[in-house]
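Contents: one structure, followed by commentary.
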């Protein structure tokens, strides 16, 4: 267990370092940006200073969201792999449609086909169609689709999409876990309290707050 915690801490350090470098790189690029659009910001009552801050956070925020998601999904995979070393990421051919050609299973352990999501805020109806094909393909393969999503979306339409997906998983005898249920699933399935590990790492990194 100590080795796992050490590996997750190292993973966090790597992601943190790469994120900071990416943000600094983007900020330098933005210094050369054409800011003539600030005229429209000002028309709407936003000062040049406020506009610069908004643009900066909007650009760097996209990096943060991407890195946060990738880190959490990889850290969760570490836990599954620690408990079930024979499990692995794999792809299966789409037998329910033409696109995509294959579906990726984040962690396949025997017949458990686990999809790991940090958050899914999509409001696209096509997303449901794709997921429907995905879970039917997994089910037809003789596997059990299991969706683990750590953070639930907050917008009404995105929540409706997730409610539909939850029903979809239940309809094929799959399992759907979101929010606290997702953290608890990882703990029950692997015996590892990932949330506690990440909380301690976070407290170390932000102890001055």
Inset, instruction - Could you please let me know if residue 138 is in contact with a helix residue (DSSP H, G or I) (Cβ under 9 Å, 6 or more places away or on another chain), part of a helix (DSSP H, G or I), more than 20 Å from residue 72 (Cβ to Cβ) and not assigned by TED's automatic domain parsing to the domain that holds residue 68? - result: no
Inset, instruction - Considering only residues that are assigned to a loop (DSSP other than H, G, I, E, B) and under 23 Å from residue 181 (Cβ atoms), look in segment 76-94 and name the one that is nearest to the chain's Cα centre (by Cα). - result: 87
Inset, instruction - Inspect all residues belonging to segment 95-102 and state whether any of them is farther than 30 Å from residue 201 by Cβ, in contact with a strand residue (DSSP E or B) (Cβ under 7 Å, 6 or more places away or on another chain) and outside any loop (DSSP other than H, G, I, E, B). - result: yes
Inset, instruction - Tell me, please, whether a residue that is within 30 Å of residue 24 (Cβ to Cβ) and loosely packed, with under 13 Cβ neighbours inside 10 Å can be found in segment 146-156. - result: yes
Inset, instruction - Considering (1) touching a strand residue (DSSP E or B) at 6+ places or on another chain (Cβ under 8 Å); (2) at pLDDT 90 or above; (3) surrounded by 15 or more Cβ atoms within 10 Å (Cβ to Cβ), say which one residue 109 fails and leave the rest. - result: (1)
Inset, instruction - Kindly indicate whether residue 150 is at pLDDT 95 or above, more than 25 Å from residue 94 (Cβ to Cβ) and in the same structural domain as residue 114 (by TED's automatic domain parsing). - result: yes
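Confirm whether residue 61 is at pLDDT below 95, surrounded by 17 or more Cβ atoms within 10 Å (Cβ to Cβ) and in a helix (DSSP H, G or I). So that I can check it myself, show each step before the final result.
Numbers: at pLDDT below 95: yes; surrounded by 17 or more Cβ atoms within 10 Å (Cβ to Cβ): no; in a helix (DSSP H, G or I): yes.
So residue 61 does not fit the description; no.
Let's see how each residue does on (1) surrounded by fewer than 12 Cβ atoms within 10 Å (Cβ to Cβ); (2) at pLDDT 95 or above; (3) part of a helix (DSSP H, G or I):
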| residue | (1), (2), (3) |
| --- | --- |
| 160 | no, no, yes |
| 166 | no, no, yes |
| 169 | no, no, yes |
| 173 | yes, no, no |
| 177 | no, yes, no |
| 183 | no, yes, yes |
| 188 | yes, yes, yes |
| 197 | no, yes, yes |
| 203 | yes, no, yes |
Inset, instruction - Report, ordered by the first and then the second residue, all pairs with beta carbons closer than 9 Å, sequence separation of six or more or different chains, a first member in segment 18-32 that is surrounded by fewer than 11 Cβ atoms within 10 Å (Cβ to Cβ), and a second member that is modelled with pLDDT under 90. - result: 29/59
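The values are calculated or read from the model by the stated rules, or taken from the named source; none is laboratory data. A quick note: this is a predicted structure, and the numbers were derived from the prediction, not measured. Heads up, the Cβs are rebuilt from the backbone with ideal geometry, glycines too, and the neighbour counts pull from every protein chain shown.
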